[in-house]
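Working notes, beginning with the structure itself.
The values are calculated or read from the model by the stated rules, or taken from the named source; none is laboratory data. Not measured: the values here are computed from a predicted model. As a convention, Cβ positions derive from the backbone with ideal geometry for all residues, glycine included, and neighbour counts pool all protein chains shown.
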Amino acid sequence: MIDLYFIRALFALSLAASGWFLTPFNFPPWGAATAGAVIGILIVFFEMRLKQVSLKRLIGAATGSILGIIGAFLIALILSWALPGGRGTVSFFQLLILSVMAYVGLIVGATKGDMLNLAALGGLFGGENSTKQSFKILDTSVIIDGRIADIAETGFFDGTLVVPQFVLRELQLVADSADSMKRNRGRRGLDVLQRLQKTAALNIQILEDDFPAIREVDLKLIELAKAYSCKIVTNDFNLNKVAQLHGVEVLNINELANALKPIVLPGETMRVFILKEGKEYNQGVAYLDDGTMVVVDNAKRLISKTIDISVTSVLQTTAGKMIFGRFDDRVHHVYDKPAGDKPVAPPRPHDVEHAKERATPLHPQS
């Protein structure tokens with residue numbers, strides 16, 4: 001990126017030097033150099049805007065402008081034969097028609113260029129659609145959440161992660177908030193972005209596109225996803241639903257986390273650390289590393305202990321997954337060390353059968 005900035009600056013300076021030494025139109029050297037520098041800056045600005053345009057729009061704009069110039073040339077021939085008056089009048093109308101036709105062809109071609117199906121041509125143009133599909137727009141909530149950085153470092157994300165400029169502005173507003181909690185959340189989001197930028201195998205792009213007529217950030221994200229035919233990465237439940245109504249694909253971090261929770265079946269043995277007392281009689285509550293709650297029967301007296309339990313049932317709720325189990329001291333053991341420090345010893349077959357006969361599935365009570 002630094003090399004690209006250097007090349008742009010060198011290009012503008014070369015135009016300024018050319019104006020200084022060549023002095024076109026009999027301009028003074030300093031005036032010609034200034035004009036050359038201004039022209040170079042305008043060309044660089046045009047190049048920076050042009051690289052954000054899709055290949056479809058570029059082809060459409062080029063085709064439209066060429067057709068407009070051809071049409072203007074034919075009209076100019078007719079005007080030169082039929083229009084009376086001086087040479088200056090005819091030349092003025094010819095130049096006017098050329099400018100109008102080229103401009104209209106450029107704009108119409110760029111607008112209708114999205115209707116082109118470049119994938120049908122294959123070869124070089126076949127990758128245009130797949131490249132656009134690989135863009136993923138990050139929402140403010142998923143940046144503040146922070147888990148996106150851990151997922152990105154594992155290499156599960158391909159393509160380019162896009163951070164719109166209006167999302168950065170929202171993050172900055174949260175980081176500058178008078179509320180200390182909001183301020184800490186905003187600063188954590190900025191730290192997560194820096195962490196993502198330092199990930200070598202990841203491509204982060206800041207997008208300047210904005211929709212001034214739309215005030216809500218969520219609607220801006222949806223319109224941006226439509227414009228680039230890409231997906232939104234979020235953990236916002238409401239944005240997820242609204243985007244689906246608009247036909248925009250969403251990658252929800254919360255749904256990913258629920259899908260990655262361990263699968264356990266009734267009758268399996270697992271080791272847990274009893275953290276607190278349960279709501280029902282003689283129950284203990286434990287939590288897995290991913291936050292899944294485990295309700296254990298006959299474990300009230302074993303708080304702050306690591307025990308082996310038999311899973312009796314698994315309940316999937318809208319808030320997540322809950323596991324219910326039972327502790328039987330005649331089958332399983334109590335450990336003083338935290339869960340995971342000692343491998344689980346497989347129970348004897350007749351002990352497992354005895355535990356299955358005694359264990360009854362537990363169900364949450366309202």
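Selection of helices (runs of 4 or more DSSP H) fully inside segment 119-160 by the criterion of at least 1 residues being in contact with a helix residue (DSSP H, G or I) (Cβ under 8 Å, 6 or more places away or on another chain) and modelled with pLDDT of 55 or more returns 140-145, 147-153.
So which residues in segment 265-287 are in a loop (DSSP other than H, G, I, E, B) and surrounded by fewer than 18 Cβ atoms within 10 Å (Cβ to Cβ)? Within segment 265-287, Leu265, Pro266, Gly267, Glu268, Lys279, Glu280, Tyr281, Asn282 qualify. Quick check: anything in segment 92-115 part of a loop (DSSP other than H, G, I, E, B), at pLDDT 85 or above, under 39 Å from the mean Cα position of the chain (by Cα) and not hydroxyl-bearing (Ser, Thr, Tyr)? No, because not a single residue in segment 92-115 is part of a loop (DSSP other than H, G, I, E, B), at pLDDT 85 or above, under 39 Å from the mean Cα position of the chain (by Cα) and not hydroxyl-bearing (Ser, Thr, Tyr).
Out of Phe27, Phe11, report the one residue that is surrounded by 14 or more Cβ atoms within 10 Å (Cβ to Cβ) and either under 27 Å from Gln165 (Cβ atoms) or in the same structural domain as Glu208 (by TED's automatic domain parsing) (or both). Before you say what the answer is, go through the steps one by one.
Details: Phe27 fails: either under 27 Å from Gln165 (Cβ atoms) or in the same structural domain as Glu208 (by TED's automatic domain parsing) (or both).
Exactly one residue qualifies, and that residue is Phe11.
Out of all the residues in segment 195-219, which are in a helix (DSSP H, G or I) and touching a helix residue (DSSP H, G or I) at 6+ places or on another chain (Cβ under 7 Å)? Answer for segment 195-219, where residues must be in a helix (DSSP H, G or I) and touching a helix residue (DSSP H, G or I) at 6+ places or on another chain (Cβ under 7 Å): Arg195, Leu196, Val217, Asp218.
Entry remark, segment 288-298: residues being surrounded by 15 or more Cβ atoms within 10 Å (Cβ to Cβ) and modelled with pLDDT under 90 number 4 in total.
Filter segment 212-227 down to residues that are of a type in the set (A, V, I, L, M, F, W, C) and free of Cβ contacts under 8 Å to residues at least 40 places away in the same chain and give me whichever is surrounded by the fewest Cβ atoms within 10 Å (Cβ to Cβ). Per the criteria, the residue is Ala213.
Scanning segment 225-264 for residues that are among the charged types (D, E, K, R) and assigned to a helix (DSSP H, G or I), we see that the one that is nearest to Phe156 (Cα to Cα) is Glu255.
Yes or no: Ile222 assigned to a helix (DSSP H, G or I) and at pLDDT 90 or above?
On the way: assigned to a helix (DSSP H, G or I): yes; at pLDDT 90 or above: yes.
For Ile222, the condition - assigned to a helix (DSSP H, G or I) and at pLDDT 90 or above - is met.
For Leu207, are the conditions met, namely being under 30 Å from Lys56 (Cα atoms), in contact with a Pro (Cβ under 6 Å, 6 or more places away or on another chain), touching a residue at least 60 places away in the same chain (Cβ under 8 Å) and not basic (Lys, Arg)? Steps first, please.
Working: under 30 Å from Lys56 (Cα atoms): yes; in contact with a Pro (Cβ under 6 Å, 6 or more places away or on another chain): yes; touching a residue at least 60 places away in the same chain (Cβ under 8 Å): yes; not basic (Lys, Arg): yes.
Yes; evaluated as a whole, the condition is true for this residue.
When segment 312-321 is filtered for residues that are modelled with pLDDT under 85 and at negative phi, the ones remaining, listed by number, are Leu315, Gln316, Thr317, Thr318, Ala319, Lys321. Scanning segment 198-208 for residues that are exposed (fewer than 13 other Cβ atoms within 10 Å of the Cβ) and more than 12 Å from the chain's Cα centre (by Cα), we see that the one that is modelled with the lowest pLDDT is Ala200.
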